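A.B. asks: Below is one structure. I have some questions about it.
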Amino acid sequence: MDLYFSPLACSLASRITVYEAGAEGSVALRQVDTKTQTTADGADYRAINAKGMVPALRTDGGDILTENAAILPFLADQFPAANLAPTGGIERSRLTQWLSFIGSELHKSVFTPLLSPKANDGAKTYAREAAVSRLAYLDAHLRGRDYLLDRFSVADAYLTAVLNWAQFVGVDLATWPSVAAYYARVTARPHVARAMQEEMGLFQAA
């Protein structure tokens, strides 16, 4: 499989998942320059993902998957021994619930406007106001919990990638103590720390 990523983008969640699954030998990481829409070998990335966004996953069968909500559970299912996603029942639905919350309420509603140089002041104000209620909801859920579900899952990989952006936009996670403690706990996991360190190095070199 080929996983297309850009350093410190939300595709970091997929790198974390690959490392947590011990799947480095099965998944090749392909860097994308989202500004020029080219891969590291100069290929047109839009021929792989017409949206031009990361992540994208080319399966062993040649199919292309996009969007974290699709890619992360797919990766987890390919390496079931790692237990990175429930396989069915209400817990699988809860995983989908958290992937949807992270993608819509945090990634797109809060951090995309704050990170975008094209977003106007009104959009950024809305995003900062939205952050308060969204992160308060997350804080309440994480109180007394180690992870979003009963164990580390691909939803935690995605949430970690998104919370990592807080440092770049002036969102102080310490305002939400359970969120801050969760972020410190998850980023201390060896595979997560490795993924973040590697991508920070690639980001700084770009």
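A.B. asks: I need the full set of residues from region 157-182 which are in contact with a helix residue (DSSP H, G or I) (Cβ under 6 Å, 6 or more places away or on another chain), of a type outside the set (Val, Ile, Thr) and either within 16 Å of Pro7 (Cβ to Cβ) or surrounded by 15 or more Cβ atoms within 10 Å (Cβ to Cβ) (or both), in order please.
C.D. replies: Ala157, Tyr158, Leu159, Ala161, Leu163, Trp165, Ala166, Leu173, Trp176, Ser178, Ala180, Tyr182
A.B. asks: Do you know which of the residues in region 1-43 that are within 17 Å of the chain's Cα centre (by Cα) and farther than 20 Å from Ala76 by Cα is surrounded by the fewest Cβ atoms within 10 Å (Cβ to Cβ)?
C.D. replies: So, considering only residues that are within 17 Å of the chain's Cα centre (by Cα) and farther than 20 Å from Ala76 by Cα, the one surrounded by the fewest Cβ atoms within 10 Å (Cβ to Cβ) is Thr34.
A.B. asks: Residue pairs, Cβ under 7 Å, 6 or more apart or interchain, first in region 67-87 and in contact (Cβ under 8 Å) with a residue 12 or more places away in the chain, second acidic (Asp, Glu) and buried (at least 18 other Cβ atoms within 10 Å of the Cβ). List them.
C.D. replies: Filtered contacts from region 67-87: Ala82/Glu20; Leu84/Glu20.
A.B. asks: Here's another thing I want to ask about it. Checking Ser93 against (1) within 17 Å of Phe5 (Cβ to Cβ); (2) of a type outside the set (A, V, I, L, M, F, W, C); (3) surrounded by fewer than 13 Cβ atoms within 10 Å (Cβ to Cβ), which test does it fail?
C.D. replies: The one condition Ser93 does not meet is (1).
A.B. asks: Take region 75-90 and flag every residue that is part of a helix (DSSP H, G or I) and surrounded by 13 or more Cβ atoms within 10 Å (Cβ to Cβ).
C.D. replies: Leu75, Ala76, Gln78, Ala82
A.B. asks: Here is a follow-up. Identify, please: which residue in region 53-74 is among the small types (Gly, Ala, Ser) and under 17 Å from Ser14 (Cα atoms) and is, among those, surrounded by the most Cβ atoms within 10 Å (Cβ to Cβ)?
C.D. replies: The extreme case among them is Ala56.
A.B. asks: Restricting attention to region 126-148, and to residues there that are at negative phi and not in a helix (DSSP H, G or I), which single residue is farthest from the chain's Cα centre (by Cα)?
C.D. replies: Among those residues, the one meeting the criterion is Arg143.
A.B. asks: Based on this model, can you work out whether Asp156 counts as part of a helix (DSSP H, G or I) and charged (D, E, K, R)?
C.D. replies: It is true that Asp156 is part of a helix (DSSP H, G or I) and charged (D, E, K, R).
A.B. asks: Taking only pairs six or more apart or across chains, which ones have beta-carbon atoms under 6 Å, a first residue in region 28-54 that is within 15 Å of Leu202 (Cα to Cα), and a second residue that is of a type in the set (D, E, K, R) and at pLDDT 95 or above?
C.D. replies: The qualifying pairs are Arg30/Asp2; Thr39/Arg30.
A.B. asks: Pull out all pairs, ordered by first then second residue, where Cβ-Cβ is under 8 Å, the residues are six or more apart or on different chains, the first lies in region 183-196 and is closer than 19 Å to Pro7 by Cβ, and the second is among the small types (Gly, Ala, Ser) and surrounded by fewer than 17 Cβ atoms within 10 Å (Cβ to Cβ).
C.D. replies: Short answer, once both residue conditions are applied: Thr187/Ala193.
The values are calculated or read from the model by the stated rules, or taken from the named source; none is laboratory data. No experiment lies behind these values; they were computed from the predicted model shown. FYI the Cβ positions are ideal-geometry reconstructions off the backbone, even for glycines, and counts take in every protein chain you see.
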